[in-house]
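A short write-up of the structure that comes next.
None of the figures in this text is laboratory data; all of them are computed from the coordinates on show. Since the structure is predicted, the reported quantities are computational estimates derived from the model, not experimental observations. Glycine gets a Cβ as well: all are built from the backbone with ideal geometry, and neighbour counts include every protein chain shown.
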Amino acid sequence: MKSKEDILSILENVCDPEVPVLTIQDLGIVRDVHVISDKEVEVVITPTYSGCPAMNTISMNIKFELLAHGFEQVLVTEILSPAWTTDWMRESGKQKLKEYGIAPPQYDTMNNPRESDFVVPCPLCSSTNTKLVSQFGSTACKALYKCNDCLEPFDYFKCH
Amino acid sequence: MNTSLLQYILHLADNSFIYGHRLSEWCGHGPELEVDMALSNIALDNIGAARSLYQYAAQLEGNGKTEDSYPYLRDGRAFRNVLLVELPKGNFAETIARSFFFDAYQSLLYKALMDSSDKQLAAIAEKSLKEVTYHLRFSSEWVIRLGDGTEESKQKMQDAISKYWDYTGELFSASETEIDMIKNGMAPDIESLKPSWEKIVSDTLEEATLSYPLRADGAWFQRGGKKGVHTEHLGFILTEVQYLQKSYPGCEW
């Protein structure tokens, strides 16, 4: 029978549909795995934001991936508590985000800092001379910024 | 089955659903692109929270119910949302006034609801609170920007605040369902949250150079939604929302 670790490594192949450079493991949304038998497995995930339209696609992609690996019954369960936080994102995931052109979350929310104390560096030219344009970007998880040096607009993955 | 719990979940779900629907009416019509995206994002968060709550209601009730049964297959009299959220979106200042009053209420409610003895309600509250914090920041910043803006924007903001004020009393007046839920430790005492809400409102209005208080204490407020007695506006929302299920019953896609 496959172990929990085997399943977790299979899930490394499932990407976020909105930000395809990130896997669901990079995002930290896989909370648990229960291998019930050779044919049956349950994956517990948590949504990033309540209204995130990507969750249905992610859940479907998890099913496809595990069905392709020989499982016949794949149950994807959502839990809401503890609520997802960007603190669960992998450091390697943050690096991938930056290379993709999205500024990664800048601080650990556990320390409860003030957002205004943090400068968001431009992911393209690394300038710290940037400006918030809107708290709400192209998706719920992002804010819109502009770089005052290279003049490019960019998305910032908000600390949450 | 606990009837009060089910009714309470539907009250919270209907609030988020109708409020989210009203905000979604701005999608493609915002005064500027960033505002359009912000209001659509906030709409999505609320509709997402409503889905979690409707799913929970369906799970409790069983009997073939799904999350879609409640928004699509009930008549207006069965909806338990407060009147505030069903009023037309109005002009931009009016949308902001309603959002500000309601976001401030939701932020206090969810914070307190995290202590609910009902684990699923507490989890939904924990999840939603993080999102409402952004909503309240957005709406209060706009109250300040419009209030402390031009003569015209100030007047519009003041008019909007006064217009919706009459509908805020219902938020803090406990229904029989809420009283029952408060007694069994599943819901926060809604009336006790009012002073904190008034503080948020008065501090923000002061910063926005707008007038507060707007009326004497003990003044009469519009109410009825929590009992299913709605304004005519809810009917128009449901006509649109339920069109497909009424024209093609049981339709799925």
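Using a/c under 1.5 as the rounded threshold, could you call the protein assembly as shown rounded, prolate or oblate? The axes a ≥ b ≥ c are square roots of the C-alpha gyration tensor eigenvalues, and prolate needs a/b larger than b/c, oblate otherwise.
Since a/c reaches 1.5 but b/c is at least a/b, the shape of the protein assembly as shown is classed as oblate.
For A:His69, what charge total do you get from the other residues with a beta carbon under 13 Å from its beta carbon, if Lys and Arg give +1 and Asp and Glu give -1?
Details: positive: A:Lys2, A:Lys39, A:Lys63; negative: A:Asp6, A:Glu12, A:Asp38, A:Glu40, A:Glu65, A:Glu72.
That sum, taken over residues with Cβ under 13 Å, equals -3.
For the residues B:Asp180, B:Asp203, what sequence is obtained by ranking on other C-beta atoms within 10 Å, fewest first? It would help to have the intermediate numbers written out before the result.
Working: B:Asp180 18, B:Asp203 12.
By the 10 Å Cβ count, ascending, the order reads B:Asp203, B:Asp180.
Using alpha carbon centroids, what distance separates the range A:59-134 and the range B:1-55, in Å?
Comparing the Cα centres of the range A:59-134 and the range B:1-55, I get a distance of 24 Å.
Label points 7 Å out from Cα along the Cβ direction at A:Tyr100 and B:Asn63: separation in nm?
Spacing of the two 7 Å Cα→Cβ label points: 4.5 nm.
How high is the relative contact order of chain B, in percent, counting Cα pairs under 8 Å that sit 6 or more residues apart? Intermediate results must be reported in sequence, preceding the final value.
Working: 333 pairs, mean separation 61.9, N = 253.
For chain B, the relative contact order is 24 percent.
Expressed as a rounded percentage, what relative contact order does the range A:4-78 have, with Cα pairs under 8 Å and six or more residues apart? Spell out each step's value before the answer.
Values: 100 pairs, mean separation 23.6, N = 75.
Reported as a whole number, the value is 32 percent.
Which whole-number percent gives the relative contact order of the range A:86-157, counting Cα pairs below 8 Å spaced six or more residues apart? Kindly include the intermediate steps, with their values, before the conclusion.
Numbers: 112 pairs, mean separation 18.8, N = 72.
26 percent.
How big is the antiparallel share of DSSP beta bridges in the range A:4-78, given as a percent to the nearest 5?
Details: 6 of 12 bridges.
Close to 50 percent.
Would you mind checking A:Lys98/A:Lys131; A:Lys63/A:Lys142; B:Lys226/B:Lys246; A:Lys96/A:Lys146; A:Lys131/A:Lys158; A:Lys96/B:Lys111 for any pair whose Cα atoms are more than 23 angstrom apart? If you can, show how the numbers build up before the last one.
Numbers: A:Lys98/A:Lys131 17 Å; A:Lys63/A:Lys142 27 Å; B:Lys226/B:Lys246 25 Å; A:Lys96/A:Lys146 20 Å; A:Lys131/A:Lys158 14 Å; A:Lys96/B:Lys111 34 Å.
Among A:Lys98/A:Lys131; A:Lys63/A:Lys142; B:Lys226/B:Lys246; A:Lys96/A:Lys146; A:Lys131/A:Lys158; A:Lys96/B:Lys111, the Cα-Cα distance tops 23 Å for A:Lys63/A:Lys142; B:Lys226/B:Lys246; A:Lys96/B:Lys111.
Using the Kirkwood formula on the Cα atoms of chain A, what hydrodynamic radius do you get, in angstrom to one decimal? Before the final figure, lay out each step's value.
Working: mean 1/r = 0.0594 Å⁻¹.
Result for chain A stands at 16.8 Å.
Kindly point out, ordered by number, any Cys in chain A whose beta-carbon has no other cysteine beta-carbon under 4.7 Å away.
A:Cys15, A:Cys52, A:Cys141, A:Cys159
Stokes-Einstein at 25 °C, 0.890 mPa s, Kirkwood radius from Cα pairs: D for the range A:4-78 in µm² s⁻¹? Can you show the working numbers first?
Values: Rh = 12.3 Å.
Once the numbers are plugged in, D ends up at 200 µm²/s.
Pop out the Kirkwood hydrodynamic radius of the range A:79-160 from its pairwise C-alpha distances, inverse of mean 1/r, in Å to one decimal.
Details: mean 1/r = 0.0764 Å⁻¹.
13.1 Å is the Kirkwood radius here.
Using alpha carbons only, how many degrees (0 to 90, rounded to 10) separate the axis of helix B:3-24 from the longest principal axis of chain B?
So the inclination is approximately 50 degrees.
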